[in-house]
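**Q** My questions all concern the structure below.
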Amino acid sequence: MSENNFVEMSQINPQKELLLSKSVDSSWSLTTYFPQHGTLKERTNAFFDDARSSILSLMFAIWMFLLILFSVICLVLETLPAYKHEDDDKFWDYSEKFCVAWFTFEYCIRMITTENIGSFIIRPINIIDFLSFAPYYIGLIFSRDVGAASFFRTLRILRVFNILKTGRYSIGIRLLGTTIAQSLNTLVWLTVYLAVIVIIFSSLIYNVEKGNPVHTDKGIIYVRPGEDTPSPYSSIPASFWWTIVTLTTVGYGDVVPVTSEGKAVAALAMLCGILVLALPINVIGGNFVSAYNLMKKQEEIRKETPKFLTDKARADYYEQRVAEFLMTVDTLQESLDELKNALNSFKKM
C-alpha cells in the first residue's frame, strides 16, 4: 500500500486519536499460540489479561469464564435444602477452594506482570476480582473468633461478584459498563432529583395519611380512622418506602392510602415519577446506542481487514478506515450546520 492512500493522522484531534487507538486495540491476533511481542513480563501479562493476544490466551479466557459460571452455579445450588447434607457440604467446600485458588493465581500473576501495580489495584474490574476471593482468606484468618468468623462467612456472599468478572470476556457486559460510565452524570442527577421528590411526597402523604394520635404506654402512635393497627405513614422516614415504590411505578400494594387526599397525592406521585424517570432514561438509551454503533463499526473494520497484513500494516489500515469514518461524520456535521443556517435565514425573512 502507498502512503499517499492514507489520511494524515496529524490532522485528527486528540479525541479521534483516542478512538483510533481503541480501534487498533480491538484487533485479534489469533495466529500464534503465545503472545510474541514485548518482554517476557509483557507477554505474560498479555497472555493472562488479553484474550485477543494468542490462541492459548483465548483458551485460558474461556476456561476462566467457565470457572466463573461454575462458581456462581455452586453458590446458588448450595442454598437449596436438598443439597445441605454433609457430603454435599464437602463438595461445596472443595469447589470453593478450587475456584478461589484459580482466581487468586490469575489475580496475582496479572498484578505482578502489570506495568503499574497502583493503577491495576484501583481498576473497577480488578476490585471486583479481589472482592470475589478476599473474604475467604479473611475468614480463615479469623476462624478462631466465632463472631468474626460468622461475619466474614457472611461476606463470602460477595462471591456473587464473580458474575461481573465475565465482563472481561463478554462484549455485552462491557457495552453495558461503557454506557453506565458515559451516563454517570445523568445517573447522579437522577438520584438527586429522586431524593428531593421522595422527601416532598413523603411529607405530603405523611400529613394526609398519618391518622389520629393515640397515647399508649410506649408513646404516641398514629392510627387511621376505621383501623386498629398503627398507620404505615407514622413518620416521614416511614413513608419513604411507599414513595419510592410509587414513584418508580412498581406499586407492591403492601401500603396504600385510604383517604381521598392520600389518593390524590398518590396520583401526583405516579405522574411525577413517570416524568422524572423518562427524561434521564432517554439520555442513557442514547448513550447505549452510540456505544453500540461505535463497537459495531470497529467490528466491521476488524472483519474487513486483510488477513495477510503485518501488525504495522494492519494498524495503518485501521487508521485509514476510522479516519474515513470520522471524515464522513465531519461532513455530515457540516451539512447539518448549513441546514441550520438556511433555516435561520428562512425564519428571518
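**Q** Highest mean first, what order results for 325-331, 238-244 on Cβ atoms within 10 Å?
**A** 238-244, 325-331
**Q** Please work out how much accessible surface Glu300 shows to a 1.4 Å probe, ignoring ligands, DNA and RNA, in Å² rounded to 10.
**A** Looks like 80 Å² after rounding.
**Q** Hey, another quick one. With θ set to phi - 60°, apply the Karplus curve 6.51 cos²θ - 1.76 cosθ + 1.60 along segment 105-113 and write out the HN-Hα couplings as whole Hz, x wherever there is a Gly or Pro.
**A** 4, 5, 5, 5, 4, 5, 6, 5, 8
**Q** Could you derive backbone 3J(HN,Hα) for segment 84-94 from the dihedral phi with the Karplus parameters 6.51, -1.76 and 1.60 (θ = phi - 60°), listing whole Hz in sequence and x where the residue is Gly or Pro?
**A** Result, ordered by residue: 10, 7, 4, 5, 5, 4, 5, 5, 5, 5, 5 Hz.
**Q** For segment 120-126, take each phi angle, set θ = phi - 60°, evaluate the Karplus expression 6.51 cos²θ - 1.76 cosθ + 1.60, and give the result in whole Hz per residue in order, putting x for glycine and proline.
**A** Along segment 120-126, the couplings run 5, 5, 8, 5, x, 5, 6 Hz.
**Q** What figure, in Å² to the nearest 10, do you get for the accessible area of Lys296 with a 1.4 Å probe and non-protein molecules left out?
**A** Here the accessible area works out near 100 Å².
**Q** I'd like to check one number: the per residue accessible area of segment 181-277, probe 1.4 Å, reported in Å² as a whole number.
**A** 62
**Q** Based on the mean of other Cβ atoms within 10 Å per residue, sort peptides 337-344, 191-198 so the most packed one is first.
**A** 191-198, 337-344
The values are calculated or read from the model by the stated rules, or taken from the named source; none is laboratory data. Predicted model, so just to flag it, every value in this text is computed and none were measured. Virtual Cβ from ideal backbone geometry, glycine too; neighbours counted across all protein chains shown. Accessible surface areas use protein heavy atoms only, side chains included; no ligands, DNA or RNA. Shrake-Rupley method; radii C 1.70, N 1.55, O 1.52, S 1.80 Å.
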